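Undergrad: Attaching a single structure in structure tokens format; questions to follow.
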Amino acid sequence: MVSNTIKLSLGSILFFLFVACINENKINIKAQKKNSLPDSCRYYAYDARQIISNLSCYNCHIRRGERLNNILSFDELATMDSSKLVNFVFIKRHNGNYSMKGAFKTNRMDTLSDCEIKNAIHYIKDYGRDIPMP
Amino acid sequence: MMADDLIDLFKTKISLLQNQALSGGIVAKNLHISDNGSGELTLYGDFTITLKVLDLTTGGAPNLNSLMTFTQQVITSKLRGGGYKSGVIYFEYNSSTKSFNFRKNHTYSIRYNFSCNARVVQINMLSQLKGNDFVLAVVDSIGYQFTDQYGKKHNSGGLAQRDGGPAVVSYNEWRKNKYIGVHEFFHTLGLGDIEDVSKKGRLMYHLGDNTSYNISDNERGDMMNFLMRNISDMTKGTYSYTNLNYNTLNLLSRFLKDTTNGFKYNKAKFR
């Protein structure tokens with residue numbers, strides 16, 4: 001009788017521990033989903049510049065003080081606020097040309113991760129800040 | 001063609017007719033484009049890049065000439081060999097009319113076949129700085145410190161504003177590391193700093209323990225892209241980037257006066 005009670009108690013403890021572990025995992029997963037960008041998403045100016053260079057942004061958005069064919073210059077892009085930039089640069093303004101099915105699919109923007117997009121925007125914003133380079 | 005382009009072209013042609021030297025940090029002649037018909041444009045041109053050095057040190061800089069000669073040689077050699085960029089989206093080029101169609105886009109590979117000659121010259125008066133000339137100011141010391149991506153603090157031997165802006169070097173640090181002048185000038189030509197410790201052999205690595213001073217093909221392509229910032233200007237034949245609205249002297253003045261940069265120099269020389 002006593003051993004049965006002990007077995008039942010141990011079994012219950014094990015069951016509750018099991019359930020507690022599963023719930024803890026679920027809580028962790030929810031917490032991770034809350035932050036859409038991983039902790040490893042850090043800004044490195046050199047890498048962000050490579051994204052801009054590989055997308056060949058500077059050919060049409062000329063760096064400073066001059067517009068080509070009335071296209072905003074790069075320093076003009078830098079004056080936009082970040083949320084407007086995401087919308088302007090990556091969604092609307094390029095008319096889907098840089099998407100997977102667009103005319104410029106080899107340079108498509110929809111292969112950029114959220115982290116790369118965030119860093120590209122950071123780079124564009126920094127361009128207007130004239131941060132000295134050592 | 002826009003009104004500004006026409007004015008630029010007019011100025012350039014007048015200068016050539018008067019046999020005057022074109023001015024500005026970048027002067028290009030014999031510009032032309034070759035289209036292979038399979039999506040590759042090769043850009044040709046003879047470029048002269050002038051970097052003006054301004055000595056602002058208190059006690060003078062006796063080794064300045066040799067440092068300038070070294071810098072001139074390294075800039076010329078690093079820009080040799082041209083550059084290549086693939087997947088460049090631009091406007092469609094018509095080789096028979098030698099013009100770009102600004103209503104139609106095209107993806108090209110661009111081969112930069114530029115012959116670049118660097119001139120590093122000393123100037124003695126501020127009036128010798130005009131428009132958007134490139135300038136490298138030599139100062140006594142730089143107090144600016146930066147924290148690298150690993151969290152370590154470093155002193156700065158030089159400091160520059162990117163993409164055409166002024167560059168400044170500390171004379172003593174330049175004597176210790178002759179490549180600092182080139183490193184800062186390449187910021188002016190659009191390159192960024194490298195902090196990845198696996199790339200210590202690169203000239204733009206800036207954490208002080210370089211094993212070599214190489215430039216990658218991609219970086220060379222980026223600098224060529226800066227030199228010919230507007231590819232459609234290639235059709236003009238000659239080109240002098242003298243944007244008077246981008247005033248180097250004012251930019252340098254603001255840069256030197258910015259206390260966060262911590263420049264120590266002879267202020268009497270900058271009046």
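Undergrad: Round to the nearest 10 and report in Å² the accessible area of B:L203, as given by a 1.4 Å probe over the protein chains' heavy atoms.
TA: 0
Undergrad: Additional query: With +1 assigned to the C-beta of every Lys and Arg and -1 to the C-beta of every Asp and Glu, and no other charges, what is the dipole magnitude of segment B:3-270 about the Cα centre in debye, to the nearest 20? Intermediate values should be presented prior to the final figure.
TA: Numbers: 30 positive and 23 negative charges, 85 e Å.
In debye, rounded to 20, segment B:3-270 gives about 400.
Undergrad: May I pose another question? Determine, from the Cβ-Cβ distance of B:K130 and B:T69 and an R0 of 22 Å, the FRET efficiency 1/(1 + (r/R0)^6), rounded to the nearest 0.05.
TA: E between B:K130 and B:T69, to the nearest 0.05, is 0.40.
Undergrad: Please report, as a whole percent, how much of the solvent-accessible surface of segment B:191-271 comes from carbon and sulfur atoms (probe radius 1.4 Å). Present the calculation step by step, with values, prior to reporting the outcome.
TA: On the way: 1630 of 3520 Å².
Of all accessible area on segment B:191-271, carbon and sulfur atoms account for 46 percent.
Undergrad: Could you please state how large a percent of the accessible area of segment B:136-188 is carbon and sulfur, counting protein chains only and using a 1.4 Å probe?
TA: On the way: 730 of 1820 Å².
Of all accessible area on segment B:136-188, carbon and sulfur atoms account for 40 percent.
Undergrad: In addition: Taking the Cβ of B:E173 as the centre, find all other residues whose Cβ is under 13 Å away and add up their charges (Lys, Arg: +1; Asp, Glu: -1).
TA: Overall, the nearby charge balance is +2.
Undergrad: Given a 1.4 Å probe and heavy atoms of the protein chains only, how would you sort B:R220, A:R63, largest accessible area at the top?
TA: B:R220, A:R63
Undergrad: Would you grab the residues whose amide H sits under 5 Å from the one on B:L51? Only those 5+ places off in sequence or on another chain, please, with H modelled 1.01 Å from N.
TA: B:R119, B:V120, B:V121
Undergrad: Can I ask one more? Report the gain in length on full extension from B:E92 to B:K200: 0.36 nm times residue separation, minus Cα-Cα distance, nm rounded to one decimal.
TA: Numbers: separation 108, 0.36 × 108 = 38.88 nm, distance 3.97 nm.
So the extension gain works out to 34.9 nm.
Undergrad: Separate question: Could you list which residues have their amide H under 5 Å from that of B:E40, counting only those 5 or more apart in sequence or on another chain, with H placed in the peptide plane?
TA: B:S109
Undergrad: Would you check the accessible area of A:I131, probe 1.4 Å, heavy atoms only, in square angstrom rounded to 10?
TA: 70
Undergrad: If you don't mind, another one. Using θ = phi - 60° and the Karplus form 6.51 cos²θ - 1.76 cosθ + 1.60, what ³J(HN,Hα) does each residue of segment A:119-134 get, whole Hz, x for Gly and Pro?
TA: Karplus-based 3J(HN,Hα) across segment A:119-134 equals 6, 5, 5, 4, 4, 4, 5, 4, 4, x, 9, 6, 6, x, 10, x Hz.
Undergrad: Hey, what do the phi angles of segment B:208-213 turn into as Karplus ³J(HN,Hα) couplings, whole Hz, using 6.51/-1.76/1.60 and θ = phi - 60°, x for Gly and Pro?
TA: With coefficients 6.51, -1.76 and 1.60, one gets x, 10, 4, 9, 6, 9 Hz.
Undergrad: While we're looking at this one, here's another question. How much accessible surface does B:S86 have with a 1.4 Å probe, in Å² rounded to 10?
TA: 80
Undergrad: Separate question: Between chains B and A, what is the buried accessible area in Å², counting both sides, with a 1.4 Å probe and ligands, DNA and RNA left out, to the nearest 100?
TA: Counting protein atoms only, the buried area is about 3300 Å².
Undergrad: Per residue, how much space in cubic angstrom lies within the convex hull of the C-alpha atoms of segment B:67-164?
TA: 215
Undergrad: Gaussian network model of chain B, Cα springs within a sub-10 Å range: biggest mean-square fluctuation belongs to which of B:F70, B:F134, B:F102?
TA: Highest fluctuation among the options: B:F102.
Undergrad: List the residues of segment A:45-93 for which accessible area in the full set of protein chains is at least 50 Å² lower than for the chain on its own; 1.4 Å probe, protein heavy atoms only.
TA: Residues losing area: A:Y46, A:R49, A:N59, A:R63, A:R64, A:E66, A:L68, A:N69.
Undergrad: Any idea of the accessible area per residue across segment B:3-270, 1.4 Å probe, to the nearest Å²? Spell out each step's value before the answer.
TA: On the way: 11880 Å² over 268 residues.
Here the residues of segment B:3-270 average 44 Å² of exposed surface.
Undergrad: Still on this structure, please answer the following. Would you compute, for the Cα atoms of chain B, the largest minus smallest coordinate along each principal axis and list the three values in descending order, in whole Å?
TA: Rounded to whole Å, the extents work out to 58, 47, 30 Å.
Undergrad: Tell me, what HN-Hα J-couplings in whole Hz come from the Karplus equation 6.51 cos²θ - 1.76 cosθ + 1.60 at θ = phi - 60° for each residue of segment A:58-74, using x for Gly and Pro?
TA: With coefficients 6.51, -1.76 and 1.60, one gets 5, 5, 9, 8, 4, 3, 9, x, 8, 9, 9, 6, 6, 8, 3, 6, 5 Hz.
Undergrad: Per 5 Å bin from zero, what fraction in whole % of the C-alpha pairs of segment B:115-271 is there, up to the bin with the longest pair?
TA: 2, 8, 16, 21, 20, 15, 11, 6, 2, 0
Undergrad: Additional query: Name the residues whose placed amide hydrogens come within less than 5 Å of the amide hydrogen of B:A137, ignoring near sequence neighbours (fewer than 5 apart) on the same chain.
TA: Here B:L54, B:A167, B:V168, B:V169 satisfy the definition.
Undergrad: Same structure again: Any idea which of B:M228, B:G208, B:G39 is furthest toward the positive side of the dipole for segment B:3-270, if Lys and Arg beta-carbons carry +1 and Asp and Glu beta-carbons -1?
TA: Value: B:G208.
Undergrad: Continuing with this model, one more query. Where does each of B:H183, B:H32 land when they are ordered by accessible area, with a 1.4 Å probe and the largest first?
TA: B:H32, B:H183
Undergrad: Find the relative contact order for segment B:3-270 and round it to a whole percent, using C-alpha pairs within less than 8 Å whose residues are 6+ positions apart. Kindly include the intermediate steps, with their values, before the conclusion.
TA: Values: 533 pairs, mean separation 67.1, N = 268.
For segment B:3-270, the relative contact order is 25 percent.
The values are calculated or read from the model by the stated rules, or taken from the named source; none is laboratory data. Remember, it's a predicted structure, so these values are computed and weren't measured experimentally. Here Cβ is always computed from backbone atoms with ideal geometry, including for glycine, and neighbour counts include all displayed protein chains. With ligands, DNA and RNA removed, areas are computed over all heavy atoms of the protein, side chains included. Shrake-Rupley method; radii C 1.70, N 1.55, O 1.52, S 1.80 Å.
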